[in-house]
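Since the structure comes first, as structure tokens, the remarks are kept for the end.
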Amino acid sequence: MLKHIRAVLFDLDGTLIDSAPDLGAAADKMRTDRGMSSLPYELYRPLAGAGARGMLKVAFDITPEHSNFMAMREEFFANYEVAMTDRTYVFDGVDDLIGHLQLRQMPWGVVTNKMARFTDPLTAAMSLFASAHAIVSGDTTPHSKPHPEPLFEAARRLGLPPEVCLYVGDDERDIVAGRAAGMLTVAATYGYLGEKSNVSAWGADLSVDSPNKLLQLLAEA
């Protein structure tokens with residue numbers, strides 16, 4: 001199935017890096033700044049893939065429809081911006097996976113819904129991304145995932161047709177976007193997955209429970 005693949009694209013949070021500790025901490029600081037009790041990290045982690053929306057839901061049980069949501073979102077962003085790499089780390093096996101792609105001279109890149117405001121400094125601060133051939137953020141194009149346009153943009157930057165690209169992500173919108181772009185898709189089941197996820201219903205071509213499993217599949221292709 002993977003023999004025709006010439007490039008690999010990845011979602012960022014929950015797929016290549018575990019940023020949930022920093023995302024949760026940014027929201028939890030808002031609670032403690034207000035004299036509220038800190039919440040366990042385990043409550044934040046499942047919704048880390050939803051960014052500010054998910055973190056504010058956990059911390060304050062508010063949704064984007066709330067009158068204070070936009071102001072609180074910006075406060076969350078400000079907290080996260082100054083500490084986005086304090087606790088964030090690369091998932092075990094990702095360095096080996098990227099090393100394998102480099103050894104095969106197979107270009108790779110990132111397509112995330114994270115805004116460039118955060119994606120650019122974060123990826124610049126982590127050595128993993130020095131070899132990335134394309135980094136597309138949620139506001140790079142007029143659309144974000146599950147729309148396929150960010151994936152089309154990444155393929156254009158790689159100079160390859162979408163159908164020879166593999167897209168790996170830990171959220172249903174990643175798989176929806178990848179399929180719409182005509183890419184082979186892989187569900188990263190070690191990621192955040194969100195609430196009440198039924199990964200088998202996403203329609204991914206493959207699923208992996210670790211970066212090492214993806215490395216194995218690519219090595220066997």
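The set of residues in region 157-210 being without any contact (Cβ under 8 Å) to a residue 60 or more places away in the chain and assigned to a loop (DSSP other than H, G, I, E, B) consists of Gly159, Pro161, Ala181, Gly182, Thr189, Lys196, Ser197, Asn198, Trp202, Gly203, Ala204, Asp209. Would you confirm whether or not region 180-191 contains a residue that is surrounded by 16 or more Cβ atoms within 10 Å (Cβ to Cβ), touching a strand residue (DSSP E or B) at 6+ places or on another chain (Cβ under 8 Å), of a type in the set (Phe, Trp, Tyr) and closer than 23 Å to Tyr89 by Cβ? Yes: region 180-191 contains one or more residues that are surrounded by 16 or more Cβ atoms within 10 Å (Cβ to Cβ), touching a strand residue (DSSP E or B) at 6+ places or on another chain (Cβ under 8 Å), of a type in the set (Phe, Trp, Tyr) and closer than 23 Å to Tyr89 by Cβ.
Check region 50-59 and report whether any residue there is under 29 Å from Phe152 (Cα atoms), of a type in the set (A, V, I, L, M), buried (at least 17 other Cβ atoms within 10 Å of the Cβ) and out of contact with any Leu (no Cβ under 6 Å at 6 or more places or on another chain). Yes, region 50-59 has at least one match.
Summed over region 124-166, the residues that are surrounded by 17 or more Cβ atoms within 10 Å (Cβ to Cβ), β-branched (Val, Ile, Thr) and out of contact with any Pro (no Cβ under 8 Å at 6 or more places or on another chain) give a count of 1.
Here, each number is a calculation from the coordinates, and none is a lab measurement. The model shown is predicted, which means the values in this text are computed figures rather than measured ones. For neighbour counting, all protein chains shown are included, and Cβ atoms are generated from backbone atoms with ideal geometry for every residue, glycine included.
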